[in-house]
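Everything on this sheet refers to the single structure shown next.
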Ligand SMILES: Cc1cc2nc3c(=O)[nH]c(=O)nc-3n(C[C@H](O)[C@H](O)[C@H](O)COP(=O)(O)OP(=O)(O)OC[C@H]3O[C@@H](n4cnc5c(N)ncnc54)[C@H](O)[C@@H]3O)c2cc1C
């Protein structure tokens, strides 16, 4: 989109003001600089800037504004939301500073820090952050979209609810330190509004005194999925807030890095975590264990540094298509629809269909309200089909079918923005639905103040009011 508006620019001029690499298509290192986690959404910007400091970010943003180029941000590349041709892409991965303030149980992370690094740094002090299922996701990208932790979410809320300070470079190139007191509107907007307000260079957030938890995953043979889900359906809502669970119907590829019983297998994966005494966590899980003998029972006391074992998300880039929706309830009719859509006889080609049970503190407004739109949604559903462009029609039609199949039970039009795919947020109208009209309109008014020209539009875009 930005290509038509772009004015002539000289990459050499930007190189003079930026310490990190400034690369154009065809330059050595360009491909590595722009790599996307989703190989179906390649990032091919006019300029890739490997920022190393706030000053680099400011120079890149000012350069883009001067040449009427949009700015895109990439930390891990997990959620490419728009085609970035013609843009300046800021790659934050070199800004990897993590500072732990143990006495105050706080962390400060820079823009490129991935959860794995923040978790490891906090663990050295007996603390843990509200990280997500995938350790290779960036702490800031995740937190700006809310951030639903499979361990802490139901007892503590969204990661965005526990942020104290945001440092952000806005479209005018200014670095702003934003707190609840300094700029309440921008502080509200940036926590949930994703990359719409500018490039966040650092955030400070709460840590929790947790070194281990009881949890992991149970893989059941797919043929037992109805039996297990019949129990999970009533069991999940009965759990206390210290316990979190999700399920995924998975058709694993026959790849060697999976253990033998899972290689090429059709399974139901029950994920579980409990923050408290292991014996109580075990007692709570007993009804699920009693349904059937699992292929693998990986639930045990785990150090928090191994929290990625709960979901076992893929570590490296994949070519995939995805969609998200929500459920207001998990009734016997939903279960029947799920078996029909993804069960043993469905012929479903998707790699996975995941349902996360939310609730608890994820439903409650935080002490300092923010723009996270997904509060109150009981279940989040995420479908993922792995395959390249030659499978786009097939996988896309199954993903559309997923949304249609469960439409009778959808909660409302709001979505968890961290799981909103490029295809579900192409227009402002779609993004407005995902945020809810009132929240979107407030975001749009704040956006008009800090980014009136919509320089930051290559995201789930909120247009300036
Ligand atoms: C396998 C997998 C598991 C996941 N698990 C969870 C989970 O458990 N809970 C959850 O809540 N989410 C989860 N997510 C979603 C994840 O939080 C989003 O994909 C998130 O956007 C990734 O952020 P990123 O910075 O790593 O990705 P990127 O693709 O690098 O960035 C995504 C977007 O975030 C914004 N952004 C990133 N950094 C900045 C910055 N410094 N300043 C301004 N904007 C920025 C930009 O708009 C950018 O387009 C998962 C995703 C995947 C693929």
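Side notes on the structure shown:
- Residue within region 143-152 that is touching a strand residue (DSSP E or B) at 6+ places or on another chain (Cβ under 8 Å), more than 13 Å from the ligand (Cβ to nearest atom) and more than 21 Å from residue 17 (Cβ to Cβ) present: no
- So residue 247, is it in a strand (DSSP E or B) and in contact (Cβ under 8 Å) with a residue 60 or more places away in the chain: yes
- Counting only residues that are outside any loop (DSSP other than H, G, I, E, B), more than 19 Å from residue 334 (Cβ to Cβ) and under 26 Å from the mean Cα position of the chain (by Cα), region 250-285 holds 7 of them.
- Scan of region 286-318 for residues that are more than 23 Å from the chain's Cα centre (by Cα), free of Cβ contacts under 8 Å to residues at least 24 places away in the same chain and part of a helix (DSSP H, G or I), ordered by number: 286
- Residue match in region 33-53 (condition: more than 17 Å from residue 93 (Cβ to Cβ) and either more than 27 Å from the chain's Cα centre (by Cα) or not in a loop (DSSP other than H, G, I, E, B) (or both)): no
- Of all residues in region 211-266, those that are surrounded by 18 or more Cβ atoms within 10 Å (Cβ to Cβ) and more than 24 Å from residue 351 (Cβ to Cβ) total 6.
- Test: residue in region 230-242 that is assigned to a strand (DSSP E or B), within 25 Å of the chain's Cα centre (by Cα) and closer than 23 Å to residue 334 by Cβ: no
- For residue 452, the criteria (1) more than 28 Å from residue 85 (Cβ to Cβ); (2) more than 13 Å from the ligand (Cβ to nearest atom); (3) assigned to a loop (DSSP other than H, G, I, E, B) hold in every case but one, which is (1).
- Among the candidates 286, 290, residue that is over 30 Å from residue 420 (Cβ atoms), in contact with a helix residue (DSSP H, G or I) (Cβ under 9 Å, 6 or more places away or on another chain) and exposed (fewer than 14 other Cβ atoms within 10 Å of the Cβ): 290
- Of all residues in region 96-110, at least one satisfies being within 21 Å of residue 372 (Cβ to Cβ) and buried (at least 22 other Cβ atoms within 10 Å of the Cβ).
- Pairs, first more than 24 Å from residue 158 (Cβ to Cβ) and assigned by TED's automatic domain parsing to the domain that holds residue 132 in region 417-428, second modelled with pLDDT under 90 and near the ligand (Cβ under 10 Å from one of its atoms), C-beta under 6 Å, six or more apart: none
- Among the residues making up region 422-465, those that are at pLDDT below 95 and crowded, with 17+ Cβ neighbours inside 10 Å are 422, 424, 425.
- Count - residues of region 64-86 that are more than 6 Å from the ligand (Cβ to nearest atom) and in a loop (DSSP other than H, G, I, E, B): 9
- Filtered residues of region 422-439 (kept if within 16 Å of the ligand (Cβ to nearest atom) and touching a helix residue (DSSP H, G or I) at 6+ places or on another chain (Cβ under 8 Å)): 423, 424, 425, 430, 431, 434, 435
- Looking only at region 111-132, residues that are in contact with a strand residue (DSSP E or B) (Cβ under 8 Å, 6 or more places away or on another chain), surrounded by fewer than 24 Cβ atoms within 10 Å (Cβ to Cβ) and more than 25 Å from residue 54 (Cα to Cα) come to 4 in all.
- Residue within region 3-24 that is modelled with pLDDT of 95 or more, closer than 23 Å to residue 167 by Cα, away from the ligand (no atom under 15 Å from the Cβ) and out of contact with any strand residue (DSSP E or B) (no Cβ under 7 Å at 6 or more places or on another chain) present: yes
- Failed condition for residue 413, given (1) away from the ligand (no atom under 16 Å from the Cβ); (2) within 25 Å of residue 326 (Cβ to Cβ); (3) in contact (Cβ under 8 Å) with a residue 60 or more places away in the chain; (4) not in a helix (DSSP H, G or I): (3)
The values are calculated or read from the model by the stated rules, or taken from the named source; none is laboratory data. It should be emphasised that the depicted structure is a prediction, and the values quoted were computed from it without experimental measurement. FYI the Cβ positions are ideal-geometry reconstructions off the backbone, even for glycines, and counts take in every protein chain you see.
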